[in-house]
Ligand code: SF4
Ligand code: SF4
């Protein structure tokens, strides 16, 4: 999702890589669940998030939709899932103690918050969003540790490939396609990357790249 913002207004002015230290540590969110209430529909889910949620929770994409844990929204001409976070009640995965009940399987956005991603020059950096988390004092942590994601190098490559694939597809759909073609591509993408189950016994990334190879010819049409 593209956002046109002035980086100097929302960040500390720095771009971070996974080996950098950032003052984002927030005492394990002790007594706080603010962001799990206030993020609205902004937690967009990528295929790896859906792999983690479906295989980790043992529920299909359709079940997560029916149970109200995720929703679908149009983002730059593409239908994408997002976490359902109703205003007031908060994320549907909060437990009675206002803690995340799916912590090991939580989406990538939850893992990096209050960091965000800034895409530039066909790559991306992390930014520290200074107005997002009220917890003080904050401690320094290494970005790599903060993200709490296995196979991080491979994961970063996937995040980059997914982002720029969506960006290219979105531009093509909006500028070159008829409404009928747009609808067909939107449904194909939704089914290919999200509705079609991933094999929990296999690594996610080869499964993702096989699917990406299937849909890439659409970019050439
Ligand atoms: S606002 Fe900060 S401290 Fe509170 S839950 Fe979110 S990340 Fe944790
Ligand atoms: S999945 Fe967990 S960390 Fe993410 S918004 Fe929901 S309760 Fe919060």
query: Scanning region 8-41 for residues that are loosely packed, with under 15 Cβ neighbours inside 10 Å and in a helix (DSSP H, G or I), which turns out nearest to the chain's Cα centre (by Cα)?
result: 38
- prompt: Out of the residues in region 91-135 that are assigned to a loop (DSSP other than H, G, I, E, B) and out of contact with any helix residue (DSSP H, G or I) (no Cβ under 9 Å at 6 or more places or on another chain), which is farthest from ligand 1 (Cβ to nearest atom)?
  reply: 121
All positions within region 136-173 that are touching a helix residue (DSSP H, G or I) at 6+ places or on another chain (Cβ under 7 Å) and not in a helix (DSSP H, G or I): 148, 149
message: If I ask for residues that are farther than 13 Å from residue 146 by Cα and more than 16 Å from ligand 2 (Cβ to nearest atom), which ones from region 5-34 would you list?
response: 5, 6, 7, 8, 9, 10, 11, 12, 13, 14, 15
task: Consider residue 50 carefully, then state whether it is in contact with a helix residue (DSSP H, G or I) (Cβ under 6 Å, 6 or more places away or on another chain), in a helix (DSSP H, G or I) and in contact (Cβ under 8 Å) with a residue 40 or more places away in the chain.
output: yes
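Could you count how many residues in region 61-90 are in a loop (DSSP other than H, G, I, E, B) and either at pLDDT below 95 or surrounded by 14 or more Cβ atoms within 10 Å (Cβ to Cβ) (or both)? Full working, then the answer.
First pass over region 61-90, keeping only residues in a loop (DSSP other than H, G, I, E, B): 67-69, 76-77, 84-90.
Among the residues that remain, those that are also either at pLDDT below 95 or surrounded by 14 or more Cβ atoms within 10 Å (Cβ to Cβ) (or both) are: 69, 76-77, 84-90.
Total satisfying the criteria: 10.
With respect to residue 77, is the statement that it is under 29 Å from residue 172 (Cα atoms), touching a helix residue (DSSP H, G or I) at 6+ places or on another chain (Cβ under 9 Å) and more than 16 Å from ligand 1 (Cβ to nearest atom) true? Walk me through it before giving the result.
Numbers: under 29 Å from residue 172 (Cα atoms): yes; touching a helix residue (DSSP H, G or I) at 6+ places or on another chain (Cβ under 9 Å): yes; more than 16 Å from ligand 1 (Cβ to nearest atom): yes.
Judged against the criteria, residue 77 is a match.
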query: Within the bounds of region 15-22, is there any residue that is within 16 Å of ligand 1 (Cβ to nearest atom) and at pLDDT 95 or above?
result: yes
Checklist (1) in contact with a strand residue (DSSP E or B) (Cβ under 9 Å, 6 or more places away or on another chain); (2) within 16 Å of ligand 1 (Cβ to nearest atom) applied to residue 61, failing item: (2)
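The values are calculated or read from the model by the stated rules, or taken from the named source; none is laboratory data. The structure presented is a predicted model; accordingly, all values stated were derived computationally and were not measured. Here Cβ is always computed from backbone atoms with ideal geometry, including for glycine, and neighbour counts include all displayed protein chains.
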